[in-house]
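The values are calculated or read from the model by the stated rules, or taken from the named source; none is laboratory data. Since we're looking at a predicted model, the values are computed, not measured. For neighbour counting, all protein chains shown are included, and Cβ atoms are generated from backbone atoms with ideal geometry for every residue, glycine included.
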Amino acid sequence: MASSSNTLRTIAMPAGMVVGALLCRQVAWVDGVMRGWLTPAFIFLMLFFTFCRVDARRIRFSWMHLWLLLFQMVGSVAIYYALEWCDVVVAQGAMVCVLAPVAMAAVVIGGMLGANVETMAAYSLLCNFVIALFAPILLHEFGNGECNIWQILQRVVPLLIAPFVAGQACRFGLPKVAGWVSRHSQISFYIWLMSLVVIIGRTTCFLLDYEANRSVEIALAAVAMVICLLQFKLGRMIGRRYGDAAAGGQSLGQKNTVLAVWLSQAFLDPISCVAPTAYIVWQNLVNSYQIYRAGRKSE
């Protein structure tokens, strides 16, 4: 049973991406009918299931969190200047792949890989707030100059704070419900899988409808792959120094690509969103491999 469950989780993410791409028009139509609320609803439910397992009293910030944040902030500026001479659009796409905060789902995947959930929750809260304050500076400097802090906070805060507060309220007010949720926390993985189908469907439609230079799109996808692999590797190296390689890898490698795609489309050259869109594919292939490895070890 454990082996079949591990196999299902391993192939679920690639399968979800294929379904989202093939049914992109249908997914986009449903999302339109729901007025864009599908993904936020999935993220809220997913994080609620996860945060019901988190004891807020055990959340601690560490030096690992600081090093990860410094890499994102310094690295996003460095990668832009390193690639600007070649192509500004590629530089913008690379920058947003490094700058994007840790994904809400990283806590879910990190928990499946054996990471400390409280460590992941702490970095998720810290990283999303800090990047929300830092990103407008870069987007003003390297983009169209229209981004402000409030626009990003409106996107980040409700989807991060609301499920955290709801999860903690459930832990203290409805302990039996929280206990059931904690025992069935694997449901959050399948909720996240549905949100992945929606995200891939929406971005596929955008790419199909937006005419762009194919060589630039290929360059953006290739750069995203290299950055993705490097961030997972470096994150695990930093995490290993503090006794939690899985938490470090997911914290740095798994990005809030929904936010990254929106930032690219709204405040940079719209075609630069190919990079964070491709990053969705690469990070989920990495996650599938990691889940497969973790399942093999547990067996």
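Below is a table of values for the structure above.
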item	result
Which listed residue, of A222, A247, A260, is out of contact with any Gly (no Cβ under 6 Å at 6 or more places or on another chain) and buried (at least 18 other Cβ atoms within 10 Å of the Cβ)	A260
Selection count where residues are in contact with a Leu (Cβ under 9 Å, 6 or more places away or on another chain) and either on the phi > 0 side of the Ramachandran plot or among the aliphatic types (A, V, I, L, M) (or both), scope the range 226-244	2
Members of the range 240-261 found to be part of a helix (DSSP H, G or I) and more than 18 Å from W192 (Cβ to Cβ), listed by number	R240, R241, A245, G248, L252
Answer residue from the range 133-178, given it is among the β-branched types (V, I, T) and closer than 18 Å to V261 by Cα and is surrounded by the most Cβ atoms within 10 Å (Cβ to Cβ) among those	I152
Qualifying residue in the range 190-209 (condition: closer than 30 Å to W29 by Cβ, among the aromatic types (F, W, Y), at pLDDT 75 or above and out of contact with any Cys (no Cβ under 8 Å at 6 or more places or on another chain))	yes
Residue in the range 52-65 that is under 16 Å from the mean Cα position of the chain (by Cα) and not β-branched (V, I, T) present	no
Filter result for the condition that a residue is touching an Asp or Glu at 6+ places or on another chain (Cβ under 9 Å) and either modelled with pLDDT under 90 or basic (K, R) (or both), over F142, F42, F51, F129	F142
The range 37-66 residues that are closer than 16 Å to L160 by Cβ, paired with ones that are surrounded by fewer than 16 Cβ atoms within 10 Å (Cβ to Cβ) and β-branched (V, I, T) (beta carbon under 7 Å, 6 or more apart)	F49/I187
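Yes or no, residue by residue, for (1) out of contact with any Cys (no Cβ under 6 Å at 6 or more places or on another chain); (2) surrounded by fewer than 20 Cβ atoms within 10 Å (Cβ to Cβ); (3) more than 22 Å from G243 (Cα to Cα); (4) not polar (S, T, N, Q):
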| residue | (1), (2), (3), (4) |
| --- | --- |
| W29 | yes, yes, yes, yes |
| V33 | yes, yes, yes, yes |
| T50 | yes, no, no, no |
| V54 | yes, no, no, yes |
| V74 | yes, yes, yes, yes |
